[in-house]
Amino acid sequence: MQGNVTKFIEFKYPDEVGLYQKCLSKGLEPHTNLRSDQLSETTNNALHNNHLREAGFTLLEIDSIVKLHVATKVIKRYLETRGTNLLDIFDAFKKLQPGAYSFDYLYILVDFIRWEAQAYIAQRNLRPHATSFGMGGDAQPTLNISTIASIVAAHYLQENPVFRDYVQCVVKIGTRAITADIGSSDIVQSLRGFYPEGSGYISLAEMGFNKAYTPPVIETRRKLPEYGLLDICKIIFPAANLSNAAVAVTGCSKQEYEMPMRRIAEYLNSVMVIAASKSGHDEIMLGRSSFAMKKPGKSWVVKSVEIESDDSSRRFLRARNSLNEQEQASIDILRGNADEHVLEVVGYNAALLILPYIDPADFESFGKKMTEFLISQRTAPTIVKNESFRAI
């Protein structure tokens, strides 16, 4: 991937206020050729860049140009040296904090990882699909809800063809545990056979991002909360819609993550659903939760939902001490062998994958329909493991 850095940096990325086009009209390319003799990176950006002022840029525009240029240099340095030195990695994560620069640098990162993933995605020849990509590492460890919900939604779509003009299958995207104890890639090996044919799981490692998850990177990411820092990977990877899905569902465990995710969805002009719970989980959970949905050309739709919470349900949804126990609890849910509130949590998260094709006002009733689908597995199971499973 290191050899691709130059090509990546030479890409052109428009920003949301047309600043990039204005730079081009003045003969400047802030992502590529603003050398040190052209640009001062001091804190008093405007006063030390008289040539930009003389070219007709406002003080605010000059500040944005400088910050974007600095962010690009940080990204380039990280891509050239990543995965090797803890201090360099930590420095990159610290400098690329959301809000440190304009949103443009997020678009640069998103376009880069999408570009890296496209060769793999093209080979898979995926049908129109919904995708689920959780952040992981939320307030308190739970079962892998988004993975279980993706299986439920995949079976529901197979049995209810009314949605097939829009979305035909479900692709779950995930990683091995980074900031959580058990990641989706850890548990999916035993659950993979429960997906119906055409749906399934793709790991970031399969897409070619295994080098971005070296032990030093993982160690650094796990330490970020100790320093009050956000994890940029928890924004760009879930929000990037790497598989070009018809519907991209993700979540945010902290409020600070949501706005950057929204801006990425607007930049990509994609259909995105972002879930969050009051308890600090990156999905709909017991108690009060909410979702935000964006369709191209439409405003964000935000809605709150509430699932009754009790001690028994909370205990059941907690992460288990071992991978085997976590797998068994997940299979119990797929068979409907859990109390109704637990099944509602999974059913509501499964409903998010079809949300853009129903009236948002009907979301709770549709979530209950998904819950009833899970309850029906107790007596007439259709979510069964397929030993001859054909991967997507």
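Could you tell me which residue of the stretch 214-273 is farthest from Met293 (Cα to Cα), considering only residues that are of a type in the set (S, T, N, Q) and outside any helix (DSSP H, G or I)? Steps first, please.
Filtering the stretch 214-273 for residues of a type in the set (S, T, N, Q) gives 214, 220, 241, 243-244, 250, 253, 255, 269-270.
Filter once more, so that each one left must be outside any helix (DSSP H, G or I): 214, 241, 243-244, 250, 253, 269-270.
On the way: Thr214: 33, Asn241: 14, Ser243: 18, Asn244: 17, Thr250: 10, Ser253: 16, Asn269: 12, Ser270: 10 Å.
Within the stretch 214-273, the match that is farthest from Met293 (Cα to Cα) is Thr214.
Residue-wise test of (1) in contact with a Leu (Cβ under 9 Å, 6 or more places away or on another chain); (2) modelled with pLDDT of 90 or more; (3) part of a loop (DSSP other than H, G, I, E, B); (4) closer than 15 Å to Ala245 by Cα.
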| position | (1), (2), (3), (4) |
| --- | --- |
| Asp88 | no, no, no, no |
| Tyr101 | yes, no, yes, no |
| Tyr107 | yes, no, no, no |
| Arg114 | yes, no, no, yes |
| Ala130 | yes, yes, no, yes |
| Gly136 | no, no, yes, no |
| Val162 | no, no, no, no |
| Asp165 | no, no, yes, yes |
| Ala180 | no, no, yes, no |
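Within the bounds of the stretch 313-328, is there any residue that is under 26 Å from Ala246 (Cβ atoms), assigned by TED's automatic domain parsing to the domain that holds Val271 and not small (Gly, Ala, Ser)?
Taking the stretch 313-328 as the starting set, the residues that turn out to be under 26 Å from Ala246 (Cβ atoms) are none.
Among the residues of the stretch 313-328, not one is under 26 Å from Ala246 (Cβ atoms), assigned by TED's automatic domain parsing to the domain that holds Val271 and not small (Gly, Ala, Ser), which makes the answer no.
Screening Leu323 on (1) touching a residue at least 40 places away in the same chain (Cβ under 8 Å); (2) buried (at least 19 other Cβ atoms within 10 Å of the Cβ); (3) over 22 Å from Ser365 (Cα atoms) shows it passes everything except condition (2).
Could you tell me whether the stretch 56-65 includes any residue that is modelled with pLDDT under 80, outside any helix (DSSP H, G or I), surrounded by fewer than 19 Cβ atoms within 10 Å (Cβ to Cβ) and hydroxyl-bearing (Ser, Thr, Tyr)? Within the stretch 56-65 (the criterion being modelled with pLDDT under 80, outside any helix (DSSP H, G or I), surrounded by fewer than 19 Cβ atoms within 10 Å (Cβ to Cβ) and hydroxyl-bearing (Ser, Thr, Tyr)), the answer is yes, since at least one residue qualifies. Per the conditions (1) outside the structural domain of Pro161 (by TED's automatic domain parsing); (2) closer than 20 Å to Val162 by Cβ, the sole criterion not satisfied by Pro356 is (1). Only residues that are over 13 Å from the mean Cα position of the chain (by Cα), within 30 Å of Glu340 (Cβ to Cβ) and among the hydroxyl-bearing types (Ser, Thr, Tyr) were counted across the stretch 248-290, and they come to 4.
What are the residues in the stretch 246-262 that are in contact with a helix residue (DSSP H, G or I) (Cβ under 7 Å, 6 or more places away or on another chain) and of a type outside the set (A, V, I, L, M), if any?
Step one: of the stretch 246-262, the residues in contact with a helix residue (DSSP H, G or I) (Cβ under 7 Å, 6 or more places away or on another chain) are 247, 249-250, 252, 257, 260-261.
Once the filter is applied, which keeps residues that are in contact with a helix residue (DSSP H, G or I) (Cβ under 7 Å, 6 or more places away or on another chain) and of a type outside the set (A, V, I, L, M), the stretch 246-262 yields Thr250, Cys252, Tyr257, Pro260.
The values are calculated or read from the model by the stated rules, or taken from the named source; none is laboratory data. Just so it is clear, the structure is predicted and the values come from calculations on it, not from any experiment. Using ideal geometry, Cβ is built from the backbone for each residue, glycine included, and neighbour counts are taken over all protein chains shown.
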